[in-house]
Structures are given as structure tokens and as C-alpha cells.
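Let me begin by handing over the structure; questions about it come next.
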């Protein structure tokens, strides 16, 4: 019996697997737009556990399962025994005997790892405090469609360099061999552990203009993530000079593009002029959550060309 494959962080994939997934996602997108029926998940179920609110994660996974001919279940601590003290491991043991895949959007990455260790079926990280790997699949797919990949290119992440998006971008740079620049104020840089683990392709800046000088892509995220609302005032003051606006975008190379994982707060981390402008790939990026996650589910479930090739 093969060991269960989980997707808790980007590094759970090899470079070949990641590149294969991105290519497969582009093919699945083409197939959907061409109206080609493909339903490998008939009579299969994805359980979706949400401890954090969601738009893109819920809709993309639920729609992806429907398009694959399967079914998705929405679960929250309010509606399950998780909210009444049942252990993470016991919940995993029960669910994994009834469903074929499990996606979790949660706070604690350690709790996510504990869940996966007790699960008999693949577990997918829909977001945790440490990592957001499904978003990176969509971002990297968007870059693949645009340029054929990011190898040899320069990407600037502007904002909270200690958050889950920055850390997942660090892993992406390490795996796919591109330069990542993180522009963040003092006190909001990646942890020393993250830099030690995935820092050889990442450079840290305390000046946003220096970070984006000559880059191909600028990425940002909200200044205050879920669970950090009490820090909102302080964060706005500290990040004020890290707003992605037309002046900052002008420091990048001609033709540079902009990405944001959403939801966006126009007038805070990014101006409306940038996110709604010609440089923005935000809406393509959001759509690609659907296609990238379909490729991921297909791969983890052992279906499709990647499984057959043994990638």
C-alpha cells in the first residue's frame, strides 16, 4: 500500500511534481473551456473544514469537485464535534474512513500536521498561519501562462514578510530557482528559521522602492491577517510606506505585473489604480485557484497523467 500523500506546504512537492502540476492545471483549464467532460471523481467526496472564513478557497474547491463529478462537504467547528472538544486526531480518523480527500483552512499549522498524521486519506492545507500553498499553485500557474515560468526572474513580495504568503513564496523561489525580494519594515521580516530553511533565493529589504527595483512581478497581501485585528492600528502605521501604488510600480521593470491573493483593501496595501490597472493579474490569479486545485486533487487521489507517469 502506497503511503498517503499530503499537501501541507509547497515543499511537499518535488520540483518535477510542481512543474507537472502547473502544466496539468493549464491543461485542465483548457479542457473546461473547451467543454470537454472529465469526471474522474464520480462517487468521491472532499471534506472541507473551515476554521477561518473563506471565499476563493471554498468556492474553488467545491466547484472543482463538482466539475470532477464528485461532491464536497462544508464543515465548521460550530457544526461538528471539533467545536465541542473532540480531538483533532479522532476527527481525522473518523473522517478519513468516510471521505476520499480532506481540505482544512485553519490557524494552527501544528494542528494541521497532527490531523494529517492521523488521516488515512490525503489532507490539503487550504491555509494555515504558516503556509498558503494552494494560493502559490495559482500564482505560479498564472506566471506559467504568462512567461512559461519564473526561472531566472525577479519577484518582490511587499508587506508582512513574516506571514504565510511570504513564507510560501520563499519556498517557491527555492524550488523553482528564481530571485525573491521581500520588502518589509523591521520587525516584520521572515523568521530566522524560515530564512535558514528557504533563504538562499530570498533577499530582505527594509525599503520598498529598493525591493521592487527592476523586478518582473510585485506581490502583496493585506497588512493585517485574520487573527491579528488587535494590531491593525500599529500595522497601518508601520506599513504606510509599503503601499503598492503607481509610484512604486514605476520602479519595477517595464511590463512588470502585479498579484494579490485577495481579499484586497484598496487604499491600504494597494491602490485601486494598481489592482484595477493594466499591470494587474489578480483576476486571472483568482480564477486559477480552481484549475490548480483540481490538478492537485487529481494528483493526490492518484488519477490523471501525473499519477500514471509516476511524477
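Rounded to the nearest angstrom and ordered from largest down, what semi-axes does the equivalent ellipsoid of segment 153-236 get from its C-alpha gyration tensor (root of 5λ)?
Values: eigenvalues 87, 41, 23 Å².
Equivalent ellipsoid of segment 153-236: 21, 14, 11 Å, largest first.
Still on this structure: Build a GNM of the chain with springs between Cα atoms under 10 Å: which of 183, 85, 214 gets the top mean-square fluctuation?
85
Also: Assuming R0 = 30 Å, can you tell me the calculated FRET efficiency for the pair residue 66 and residue 146, based on Cβ-Cβ distance, to the nearest 0.05?
Details: r = 28 Å, r/R0 = 0.93.
Computed FRET efficiency for residue 66 and residue 146: 0.60.
Stretch residue 59-residue 98 to full length: gain in nm at 0.36 nm per residue minus the Cα-Cα span? If you can, show how the numbers build up before the last one.
On the way: separation 39, 0.36 × 39 = 14.04 nm, distance 2.20 nm.
Value of the extension gain: 11.8 nm.
How much of the pair distance distribution for segment 257-311 lies past 14 Å, counting alpha-carbon pairs only, in percent? Before the final figure, lay out the partial values.
Numbers: 915 of 1485 pairs.
It works out to 62 percent of all Cα pairs.
What's the FRET efficiency of residue 37 with residue 4 using the Cβ-Cβ distance as r and R₀ = 30 Å, to the nearest 0.05? Walk me through the numbers before you get to the answer.
Working: r = 29 Å, r/R0 = 0.96.
It comes to 0.55.
What's the exposure ranking of 236, 201, going from fewest to most Cβ atoms within 10 Å?
Sorted ascending by nearby Cβ count, the order is 236, 201.
Taking 7 Å along the Cα-to-C-beta vector as the label spot, tell me the residue 17-residue 179 distance in nanometres, rounded to one decimal.
3.0 nm
Starting from the Kirkwood Rh over alpha-carbon pairs, what translational D in µm² s⁻¹ does the chain have by Stokes-Einstein at 10 °C and 1.306 mPa s? Each step should come with its number before you reach the end.
Numbers: Rh = 19.9 Å.
Rounded to a whole number, D works out at 80 µm²/s.
I need 79, 129 ordered by Cβ neighbour count within 10 Å, fewest first.
Least crowded to most crowded, the residues run 79, 129.
Let me ask something else about it. Estimate the FRET efficiency between residue 232 and residue 76 by the formula 1/(1 + (r/R0)^6), using the beta-carbon distance for r and 30 Å for R0, to the nearest 0.05.
Numbers: r = 25 Å, r/R0 = 0.82.
My answer for the efficiency is 0.75.
Now, a different point. Quick one: Debye curve from the alpha-carbon atoms of segment 135-286 only, equal weights, vacuum; give me log10 I(q)/I(0) at q = 0.11, 0.16, 0.18, 0.20 Å⁻¹ to two decimals.
-0.36, -0.80, -1.04, -1.32
When averaged across all projection directions, what area in nm² does the alpha-carbon convex hull of segment 65-136 cover?
On the way: hull surface 20.6 nm².
The number I arrive at for segment 65-136 is 5.1 nm².
Here's something else I'd like to know. Using Cβ counts within 10 Å as a stand-in for footprinting exposure, how do 121, 59, 212 rank, fewest first?
Working: 121 22, 59 13, 212 26.
Result, fewest neighbours first: 59, 121, 212.
Quote to one decimal, in nm, the extra length available between residue 186 and residue 213 on full extension: 0.36 nm per residue of separation minus the C-alpha distance between them. Could you put the intermediate results ahead of the total?
Values: separation 27, 0.36 × 27 = 9.72 nm, distance 1.93 nm.
Difference between extended and current length: 7.8 nm.
Still on this structure, I have one more. Using a Gaussian network model of the chain whose springs link C-alpha atoms within less than 10 Å, name the residue from 210, 37, 162 with the highest mean-square fluctuation.
Top of the fluctuation ranking is 37.
Further question: Along the Cα-to-Cβ line of residue 278, 7 Å from the Cα, sits a label point; which residues in segment 237-257 have backbone N less than 14 Å from it?
250, 254-257
Angle, helix 133-147 long axis vs. longest principal axis of the chain, Cα atoms, 0 to 90°, nearest 10?
Computed tilt is about 60 degrees.
Do the sum for the chain: with -39,500 (n - 2.57) for every DSSP H run of n ≥ 4, divided by all residues, what is the mean residue ellipticity at 222 nm, to the nearest 500 deg cm²/dmol? Don't skip to the answer; put the middle values down first.
Working: 13 runs with 130 residues, N = 311.
Here the helix-only value at 222 nm equals -12500 deg cm²/dmol.
Picking from 125, 164, 213, which is most flexible by a Gaussian network model of the chain using Cα springs under 10 Å?
For the chain, modelled as a Gaussian network with Cα springs under 10 Å, the answer is 213.
Values quoted throughout were computed directly from the atomic coordinates according to the rules given, and no laboratory measurement underlies them. As the structure is a prediction and not an experimental result, all values here were calculated from the model. Reconstructed Cβ throughout: ideal geometry from the backbone, glycine too, with neighbour counts over all protein chains shown.
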